[in-house]
Each structure stands twice: as C-alpha cells, then as structure tokens.
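Okay, structure first, notes after.
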Amino acid sequence: MVSMADAASKTAYDVVIIGGAIMGSATAWFLTENHFDGSVLVIERDPTYTACSTAHTNSCIRQQFSTELNIRISQFGAQFVKNLRGYMGGDERVPELGIQSYGYMYLADTDAFADALRAAQKVQLAAGAGTRLLTAQEIAAEYPFYAVDDIVLGSINTVDEGYWDGGTVFDWFRRSARERGVEYVHGEVVAITKSAAGDRITHVTLASGKTIACGQVVNATGPRAARTAEMAGIDLPVEPRKRFTWIFKAEAPLDRELPLTIDPSGVHFRQDGPDTYLAGCKPDPDPAVDPTDFAMDHGLWETHVWPIIATRIPQFQAIRVVTEWAGHYAYNTLDHNAIIGPHPQVENLHFLNGFSGHGLQQSPAMGRAMAEWLTHGEYRSLDMTPFGYDRVARGEAFVERAVI
Ligand SMILES: Cc1cc2nc3c(=O)[nH]c(=O)nc-3n(C[C@H](O)[C@H](O)[C@H](O)COP(=O)(O)OP(=O)(O)OC[C@H]3O[C@@H](n4cnc5c(N)ncnc54)[C@H](O)[C@@H]3O)c2cc1C
C-alpha cells in the first residue's frame, strides 16, 4: 500500500474527487493526460481499499451489450488494457497486459431470450464485435462439457471478451496520477456545502473537521454514492447490493477454457486460474444492504449455485470451494447503468456512479469522459450524454438488456 497523507496540502482545489478507487483514479489520471490546468485532490476514506467494489470485482470485460454505447465503452476499455504501457507514455515499469478472451457464453432457454440474443448480436456486429450465435448442437460440438438439452441458443464472442487484470490497471491509474501531481488524501467527506443560491458546491467537510473549497466536485464513491449525493440534498438511485463470488476446484478439470457462462438461472461461472473456476450470483431477494455488510450466505452454494453448475456441466459434480467473498454493486435501481456528468442545477457537482456489475471495464472510458467534461466542458471521445443525470430526474431508463 502506498501511504496517503492525512491532510491536504492546500485549502482549495480546482477539482475535488471524492473516492479514489478505480473510477476516481481513472478520472484523476485522464485529467493529467489532458494536461488539465488546475489542482486535483482525491479524497479517500479507506487507503487500504479493502471495502470498495473495485477490491471485490470479478474483473471481466465483454462486448455483448444490447446498446451501442455500452459496446463502444468496453471496446475502448479493451484497447486501453491491451495498450496500457503505451497509454502510460511507454513507461517500462508498466506491465504489458492482455485479455484472457474465453468469451461470455450467454445461454438462452426460451424463444424470447433467444430473440433478445439475436437482436443484441445485430447491434454488436454493427459496432464491430465478433459475436457468434450457436445452436445447441454447435455449442455441444465446441464445448462438449455443457448439458444443452434445454438450450435454444447460445451467444459468444471470443475477441476482447473475458478476464483482465483490473488490479494492475487500478494501481497504475493511481500511481501515475500521483507521480504526475494529483494529490491523494486520507479522509472521509461527511458534509457538502452549497452556495447561498444553491447552484454550486462551495466546499466539502472531512470527518477531521477540515474543510476544502472546490471548483468542481466528482462523486466517485461507489456503493456509498447515494449517501454522498444526499450530503448535497440530491437523490441518487444507487444502492449497495450484495454479490457473492466463489472460487472452486474441480476433481476433473475441463480440457479447454470455460467461457464466462451466463446460465439461464442467472448464476454465472468461468475459468479462473489454470485449474480453478469462479462462480457468482446474487441473493434472492436482493435488498439494499449496509456498505459494511460483507456476510456470506453460506447455504447458497450448497442449495442453489452448486446444483446449477453441476447440472449445466455434469463433469462438475465433484467440486470444492477454495475461497469465497461478498462484495457490493453500486446498483442503479433505475436502469443498472452509469450516471455520469453534472447535476442539471448544481452544475459543479459531477456524478460518476451507478455502474452496477460493469464498472471495472468501463473505467477507462468513463474516466476519460469525466476528465474531458472537467477540462473542456464537453465530451470529446464518446458522447456520454445518454448516461446523464437528466434521465434520472425524468425517471427515464437507459435500457440495457444485457445485465449481469
Ligand atoms: C462481486 C462483483 C463482481 C464484479 N464483476 C465485474 C466484472 O466482471 N466486470 C466489471 O466491469 N465490473 C464488475 N464489477 C463492478 C465493478 O467492480 C465496479 O463497478 C467498480 O469497481 C466501481 O468502482 P468505483 O471506483 O466506482 O467504486 P468503488 O470501488 O466502490 O470505490 C469507491 C471509493 O469511494 C470511497 N468513498 C466512499 N465514500 C467516501 C467518502 N464519503 N469520502 C471519501 N471516500 C469515500 C470508498 O472508500 C471507495 O474506495 C463487479 C462488482 C462486484 C461487487
């Protein structure tokens, strides 16, 4: 862990980013990349980062979304990951990364679901993705370990889709941003103060009692985003929702890589290490939880997850869990999608929230977009306007059908 100062060196900054995990750090780094002409402070309540979403992620990337914008966002994510060193100015300390492209295998067991996969594939192909639709027989031929009796259609893309090393990208966003002059401070924002007219944030207050004046503020507080917005008197439809992960070993490992398989039940599982696999699912019911609640539901594996895996892959009758954890999505209850950009009335308050289950892969594109807005007052690469807070205010969902 790189140490973090307990006090900021100044009392005012041009940009204050609340939350220094992958979204806050991506924004900070892209600000330096844009040669942002101003001071930047990242305020982080937990310098160990042990409780944040970024620390509990499954770190996968896909192009199988149903909307072009989400596909483009992940395509930039893939380019960024594969060219991390180049983006970081050719710095030889930065490792060369790749994507373990075993693909996501969506399995449809109804005609309606199959139609949704067909419709999404059209959008994906038009955006340049390599998605293939497979009949049950074709799935069985390529991946003989699946039981496909109930399957109508499968959809898979093995180009830039699979696992990537999110931890390393996060480390380098942070490390490089700091080396280029961004200041990080250990502290918890407990209050946000608006101007008398209520149209600007003037300063934030830390738990230590110190105040920091700000030109612009970014809410990058993950599952705590609604609490942060509430400090400014603003409603944000983002809740901490628990998601479970299990790493397991199989007595008889598969003879080829296991795609990230989205079973029709909603349980998903994929290759992890050379002889380990990862499974994930949500609780049912799926309430908002306290962001400090990391308790596992130990019964869920035995009663729900393992039977589903063993039915879909009979070779996985004999498997054993080697580790498990619970983490939190910053779950956007309106439409599971990002909320990015300024508040319509409090214009120097910017959201970078609600990424639900796909924020890690979106961090390069979202960090770049947020930095463009802060630097130029407009998006210059990908237009993120459809993800703006305005739709939240209007209650209009940005419909993305491929949600995990
Ligand atoms: C189990 C699981 C699996 C996932 N799998 C994937 C996947 O395969 N692919 C993918 O793309 N995404 C995945 N995600 C989602 C992804 O991990 C998140 O969207 C992403 O990490 C969000 O990053 P963030 O920086 O917005 O939030 P976080 O990582 O939660 O960071 C928020 C930071 O803000 C800080 N903070 C909060 N409040 C304050 C305050 N008041 N003052 C100061 N600091 C504060 C916190 O300490 C924290 O460090 C998964 C998530 C989970 C939980």
Return yes or no: is residue 71 within 12 Å of the ligand (Cβ to nearest atom) and not hydroxyl-bearing (Ser, Thr, Tyr)?
no
Can you say whether residue 346 is touching a residue at least 12 places away in the same chain (Cβ under 8 Å), more than 15 Å from the ligand (Cβ to nearest atom) and in a strand (DSSP E or B), as far as the supplied structure shows?
no
Can residue 106 be described as part of a loop (DSSP other than H, G, I, E, B), buried (at least 20 other Cβ atoms within 10 Å of the Cβ) and modelled with pLDDT of 95 or more?
no
Could you tell me whether the range 332-341 includes any residue that is within 10 Å of the ligand (Cβ to nearest atom), in contact with a Ser or Thr (Cβ under 7 Å, 6 or more places away or on another chain), farther than 29 Å from residue 139 by Cβ and in contact (Cβ under 8 Å) with a residue 60 or more places away in the chain?
no
From the list 89, 24, 19, 77, which one is on the phi > 0 side of the Ramachandran plot, buried (at least 18 other Cβ atoms within 10 Å of the Cβ) and either within 13 Å of the ligand (Cβ to nearest atom) or modelled with pLDDT of 95 or more (or both)?
19
Of the conditions (1) part of a helix (DSSP H, G or I); (2) more than 15 Å from the ligand (Cβ to nearest atom); (3) crowded, with 20+ Cβ neighbours inside 10 Å, residue 390 clears all except one; give me its number.
(3)
Qualifying positions in the range 141-162 - assigned to a loop (DSSP other than H, G, I, E, B) and either in contact with a helix residue (DSSP H, G or I) (Cβ under 7 Å, 6 or more places away or on another chain) or farther than 28 Å from residue 81 by Cβ (or both)
144, 145, 146, 147, 148, 149, 150, 151, 152, 160
Within the range 201-258, take every residue that is within 13 Å of the ligand (Cβ to nearest atom) and of a type in the set (Lys, Arg) and give me the one that is nearest to residue 333 (Cα to Cα).
241
Applying the selection to the range 49-69, what residues are hydroxyl-bearing (Ser, Thr, Tyr) and not in a loop (DSSP other than H, G, I, E, B)?
53, 54
Across the range 270-314, what is the total count of residues that are within 23 Å of residue 163 (Cα to Cα) and either within 24 Å of the chain's Cα centre (by Cα) or surrounded by 18 or more Cβ atoms within 10 Å (Cβ to Cβ) (or both)?
18
Look at the range 349-372 and say how many of its residues are assigned to a strand (DSSP E or B) and either within 10 Å of the ligand (Cβ to nearest atom) or more than 15 Å from the chain's Cα centre (by Cα) (or both).
5
Mind checking which residues of the range 221-264 are out of contact with any His (no Cβ under 9 Å at 6 or more places or on another chain), in a loop (DSSP other than H, G, I, E, B) and either among the aliphatic types (A, V, I, L, M) or buried (at least 19 other Cβ atoms within 10 Å of the Cβ) (or both)?
221, 236, 252, 254, 258, 259, 263
Residue count, the range 27-48 (criterion: in a helix (DSSP H, G or I) and either out of contact with any Lys or Arg (no Cβ under 7 Å at 6 or more places or on another chain) or surrounded by fewer than 24 Cβ atoms within 10 Å (Cβ to Cβ) (or both))
6
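The values are calculated or read from the model by the stated rules, or taken from the named source; none is laboratory data. Since this is a predicted model, take the numbers as computed values, not measurements. Here Cβ is always computed from backbone atoms with ideal geometry, including for glycine, and neighbour counts include all displayed protein chains.
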